[in-house]
Amino acid sequence: MLLQTPKAFMPFPTSEIGLFHILRRSQPRFDTTRSIHYGNKTLKIPKTSIKVFREVPKLREWRRQQLLDYRSVGLVPTMGALHEGHISLIRMAARENHRVVVSIYVNPTQFGVHEDLDSYPKTWEKDCEMLRELDQELAEDGSNLGTVSAVFAPTTSTMYPSGRPSQEVDGKGSFVTITPVGELLEGTTRPTFFRGVATVCMKLFNIVAPERVYFGQKDVQQTVVIKKMVKDFFLDMDVVVGPTQREPDGLALSSRNVYLGTRRRKVATVLSKVLQVAEAGYLRGHRSRDELLGPAGELAKLLLMEQNQMLPEERVKFEVDYISLADPETMEELEEVDETRGAILSGAIKMLPVESPQPGEDLGLSDGPPVRLIDNIILKPIG
Ligand code: AMP
């Protein structure tokens, strides 16, 4: 969360910020609980019972009470800009836990020095609206165990109490690194990404101490990194992975899709189409890398050629970063799929800014910068 640029992100309505400051200032100077209590008032998302925690001690106090009351807690970590993908994970958590905590924090250390940290979408008001709607939906649907109880929306100085570490590859700081899996695929193009993800998740897991944590299959390598971290550091929680939520045409939902604009949005299904070709090969009985990825690569080439033959004001250019066939536990590349283990098909493409933008054309948020899209399909074990 980028509170160093306060206009960029307002974590709650201004009226509540005013209240927050007044309550904090009204605490006597000698009150050692000053950082714990905002008076007796806990911030809430308006018209809901969803608490908003911004600091660790108060959240921990709430968490301890859940333990005393024998209430299970599920955590859904997010960077905000919520969409149906996030909401599906929260629904899943509400089915399986008495209390659900959603964290909203744009973690700077998982962005590379030249990546889109400053322009990452921040939509607090809309996020609250979505959580409010979900809260109502869960209340009306009596089949859930729990509901959304709290949002944890910390500042960067809260999350990095010794100071925000550098985003450089060789930057110093208290980091969790999970290798070699964190160095492969996404880690090749984004060498600090999984270090940032593992570090922030370790912090969130220690703060919230959930029984279960929820991640989307959309970011499949992230799920492998987190599962490994939980296993290797003996973290006492289950990692639950929810299915990828998609648009009707197959595009995986992502907070970054808002940058695409109309022209690129139509072509953005390239990656899911390419992965589906490889999946079809697996379902037909092919097991070798060449048999599975060969036709996928051909389709990517064909679709790019189609675009290149169009006029500059109509076409969309994209670059395939990688198409991978990897082991489900290590993410190491495979020459042959062992059908008792299955495999992960994954890929990344970069959608380049459109050429010759037309007057009034919807270019997407921030005038349509390059957008990197990722997607994957799990090839399930057979038998
Ligand atoms: P983010 O806010 O992008 O860090 O994502 C927060 C969580 O939502 C991660 O566990 C993502 O994998 C998950 N997520 C993002 N997009 C989707 C999607 N389309 N379907 C399911 N989960 C998703």
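The values are calculated or read from the model by the stated rules, or taken from the named source; none is laboratory data. Note that the structure is predicted; figures quoted are calculated from it, not measured. No Cβ is skipped: glycine too gets one built from the backbone with ideal geometry, and neighbour counts run over all protein chains shown. With ligands, DNA and RNA removed, areas are computed over all heavy atoms of the protein, side chains included. Shrake-Rupley method; radii C 1.70, N 1.55, O 1.52, S 1.80 Å.
Only one of the numbered conditions (1) touching a Ser or Thr at 6+ places or on another chain (Cβ under 9 Å); (2) in contact (Cβ under 8 Å) with a residue 60 or more places away in the chain; (3) more than 16 Å from Leu292 (Cα to Cα) is not met by Glu313, and that is (2). Residues in segment 217-234 that are open to solvent by less than 30 Å² (accessible area, probe 1.4 Å) and more than 13 Å from the ligand (Cβ to nearest atom): Met229, Val230.
Kindly indicate whether Glu247 is out of contact with any Gly (no Cβ under 8 Å at 6 or more places or on another chain) and either in the same structural domain as Pro121 (by TED's automatic domain parsing) or within 11 Å of the ligand (Cβ to nearest atom) (or both). So Glu247 passes the test. Taking the criterion of being over 24 Å from Leu251 (Cα atoms) and open to solvent by less than 50 Å² (accessible area, probe 1.4 Å), the only residue of segment 337-366 that qualifies is Val337.
Every condition in (1) within 16 Å of the ligand (Cβ to nearest atom); (2) farther than 23 Å from Arg60 by Cα is met by Val213 except one, and the failing one is (2).
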